1. Which one, Ser24, Leu112, Ile131, is farthest towards the positive end of the dipole of the chain when Lys and Arg carry +1 and Asp and Glu -1 on their Cβ?
2. Hey, fewest Cβ within 10 Å first, where do Leu278, Leu344 land in order?
3. Calculate the dipole size of the chain relative to its Cα centre from +1 charges on Lys and Arg beta carbons and -1 charges on Asp and Glu beta carbons; express the result in debye to the nearest 20.
4. If each Cα of segment 142-221 is one equal point scatterer, what is log10 of I(q)/I(0) from the Debye formula at q = 0.17 Å⁻¹?
5. I need the phi-derived Karplus couplings for segment 135-148: 6.51 cos²θ - 1.76 cosθ + 1.60, θ = phi - 60°, integer Hz, Gly and Pro marked x.
6. Only Cα pairs under 8 Å and at least 6 apart count here; give the relative contact order of the chain as a rounded whole percent.
7. What ranking, highest mean first, results for peptides 248-254, 188-194 when packing means the other Cβ atoms within 10 Å averaged over each residue?
8. Consider the candidate values (i) -0.38, -0.79, -1.06, -1.19; (ii) -0.64, -0.89, -1.06, -1.14; (iii) -0.20, -0.56, -0.84, -0.99; state which one is log10 I(q)/I(0) by the Debye sum over Cα atoms at q = 0.06, 0.10, 0.12, 0.13 Å⁻¹ computed from the structure displayed.
Amino acid sequence: MNTLTILLALTKNEATFEIILMLSGSAIIGYLTAWLFYKAVYEKKIKIIESEKHELNNRIVNLDAEIFNLKEDLSNKDKEIGDLIMAHISERKHMLDYKSFGIASESEKDDLKMISGIGPFIEERLNALDIYTFRQISNFSPQDIETINDAIEYFSGRIERDEWVAQALDLVRNEELKADLFRRISERKNRIYYDRIGTAKKEEADDLTIISGIGGWIQEKLNALDIFTFRQISNFTKEDIITVTEAIEYFPGRIERDEWILQARELIRIAGKKSDLLKRIRDRKGRIYYDRLGIAHKYEANNLTLIDGLGLWVEERLNTLGIYTFSQISKLTHTDIETITEVLELIPGRIEQDKWVEQAHELVKNEIHKPLIVP
């Protein structure tokens, strides 16, 4: 009996073991089967996704090529328009009295951008009228200015406002007089409060012409005072402005009007990389609601600095966004203002505080603006 019990027990243990083995084998087989099934399913999905990814990459490449071609077309169109405008301006030479301010050839060409208020855009148009030298500009009469404004379709009053004639007169001085001017400026260094604005050496010099309103000629005079950096200008007080204006024999009120200090502080903030800021602004153009504001082109530009509180530097940034006209500014909503403030990296509240929209409405209503270039 004991032997039978033992045998039954052994048989039972073996059967249990075999059952466990069979169940384990089934589980493993089931797991492997499921794994192989899902592997096949996932591999199929991966192939589909990779195929879609490949198609999307091809689309991206094609779209990049399309964007490049469109930019090329746009660039070519801009060049065509520019050439037409230059030809159009050149045809107006007969309007000018060259006996009044003189004749010059391209071989005598001065860098007119030395004059604050003349950038590449205006220099090109002046050259189209055979105006190449400081001497010619220094001889402009009020009638010449009016005629040239009409010929290049420039902002009325801007030539007088930026004192082109006075700056040109400075620049045409012979070397002896120029040396005397810089000697006088240098002797006035003792009037400058360097403890407040800071000192700098020539090797630390920033390109001060990046500040809208400072041309090459003004930069030279500031350098004669050992003023080389944005940091120094950013520290100017009202007293410093008066002292520097007198020392460089500059026009009273111009430093404040052109917002040198504000621009210098912004240039310090962006490490002097104005081009990087303008690129960031261009990259954000997609955030502007042009369906509401309207599209404008450079040749339609108004003199936005007629809006109080909107200086040359802000005008340049607005132009980078494709905002050129009073009409566009007059249509700004609260949402547009918030977006533009952020995109242009302006001080929050500035647009509302200076009442750009209200001023633009008046300028549109009174029709005192004039297009820059008519194609």
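Just so it is clear, none of the values below were taken in a lab; they were calculated from the coordinates. All values reported here derive from a predicted model rather than from experimental measurement. Heads up, the Cβs are rebuilt from the backbone with ideal geometry, glycines too, and the neighbour counts pull from every protein chain shown.
1. Ser24
2. Ordered from fewest to most neighbouring Cβ atoms within 10 Å, Leu278, Leu344 come out as Leu278, Leu344.
3. 1200
4. With one equal scatterer per Cα and no solvent, log10 I(q)/I(0) is -0.91.
5. Listing the rounded values in order: 4, 4, 5, 5, 9, 4, 9, x, 5, 4, 4, 4, 5, 5 Hz.
6. 13
7. With the highest mean Cβ count within 10 Å placed first, the list reads 248-254, 188-194.
8. (i)
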